[in-house]
1. Of all GluC sites (Glu not before Pro) in region 211-247, which ones are in loop regions per DSSP and have a Cβ with at most 14 other Cβ atoms within 10 Å?
2. For residue 196, what is the net charge nearby, where nearby means another residue's Cβ is under 14 Å from its Cβ and Lys, Arg count +1, Asp, Glu -1?
3. Cut-off under 23 Å on the C-alpha distance; same-chain residues fewer than 8 positions from residue 26 excluded. Which lysines are left, in chain and number order?
4. Greater than 25 Å separation of Cα atoms is the criterion. Which listed pairs, 161/255; 113/161; 204/255; 161/204, meet it?
5. Can you give me the long-range amide H partners of residue 133? Hydrogens built in the peptide plane at 1.01 Å from N, cutoff under 5 Å, separation of 5 or more residues or another chain.
6. Please list, ordered by chain and number, the residues whose modelled amide H lies under 5 Å from the amide H of residue 211; skip anything fewer than 5 residues away on the same chain.
7. Residue by residue through region 125-142, which ³J(HN,Hα) values in whole Hz follow from phi under the Karplus form 6.51 cos²θ - 1.76 cosθ + 1.60 (θ = phi - 60°), with glycine and proline marked x?
8. Where does the longest stretch of the chain lie that holds no chymotrypsin sites (Phe, Trp or Tyr not before Pro) found in a DSSP loop with 12 or fewer other Cβ atoms within 10 Å?
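Since every read-out is calculated from the coordinates, none of them should be taken as a lab result. Since this is a predicted model, take the numbers as computed values, not measurements. All Cβ positions, even for glycine, are placed from backbone atoms using ideal geometry, and neighbour counts span all protein chains on display.
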Amino acid sequence: MDPELQRQVNQQRNIINETLRSQTAKLAIRCRSLFGDRESLESVLREAMISLPYCKYLWVLDAAGHQITSNITRDGTQPDQYGRYRFERPYMQGVNDTELDFHLSDAYISRNKRRPSLTAVQLIRTLDGQISGYLGVDYDLRELPHVERLHEAEICWTQAKGDPSIRSNLFNQSRVESLVDSHVDEIIALLVELMSCHGVFHGKLHFSSSRATIWTMDNPYSYRILDFESLTDPDICLAYPHREYPEMAVVPVTKIAPVFAILRELRFSDETIYLRSGSLNLCNGMVSLNFSCDGSHYIPYQEFLAKDLGFWFGNTGSGL
């Protein structure tokens, strides 16, 4: 996982741990003397629900993992959950191994709602320290407070190997000239123009399927598909208003054409290992590549421009 993304996930988990652990410990003490009295147990859980913000469900299990209360919610109870066996659920794994009698699960997909969820489990012990049951606190991830800013993804070279069946048959195939291949220079010139002067901040050229997908600053939430006829008609520039080069772009405008020039070389330099598609994002500076072996690379544009063809097709450890 991206280290910054992991840091923010850990931050969220720490917040839940710090705010919940002391409350569940006190609640467990209140519950332990009420085993065998379902009505009183549920009454205590209903009262506790008020002081547990964002909690979705509260429930109690016996030592064997069977539920001895209804699910308690803010809107009432779910008696159909009484008697449910929970030891096989992911959040119950390892709960007896914790030294703190408190276990916060990893996120999982809930059985009923099919949504990402978390469960905190507090061990309930008898006065002599034996486990008599478990208190469960369920959270729906979409209802938890989240960090106020989106994490900044780490900008680094990432490689992903593709379908093994494609890789194993790599040397039984060769590049077949596509429509884009036959007009590649004029198509690249048009795409460079759209990205330089018409507000396109992300452009992806699909060499093998003869199309391009673009995202514009004016409407970044929708991508547009340009077919071969559009890519070979400079008149399409009239359909995209002139825009100043975006201030948030990290790729200098003078580097757009050189990036696409290398994409062109990667398409034609080898008839067996060749580029199927490639893209450039001006705002995060990443170049993406997908090769005939189904291997993919995501690489900062500066590193991409610094590599020669020998790196990609020689024995230099590129890992295509």
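1. Working: sites: 229, 244, 247; in loops: 244, 247.
Taking region 211-247 and a limit of 14 other Cβ atoms within 10 Å, the loop GluC sites (Glu not before Pro) found are 244, 247.
2. Once positives and negatives cancel, what remains is 0.
3. Cα-Cα hits under 23 Å: 56.
4. The answer is 161/255; 113/161.
5. Under 5 Å from the amide H of residue 133 lie the amide H atoms of 124, each far enough along the sequence or on another chain.
6. For residue 211, whose amide H was placed from the backbone, the distant partners under 5 Å are 206.
7. With the stated coefficients, region 125-142 comes to 10, 6, 4, 9, x, 7, 6, 9, x, 9, 9, x, 10, 9, 10, 8, 4, 6 Hz.
8. Numbers: sites that count: 87, 157, 221.
The reported range is 222-320.
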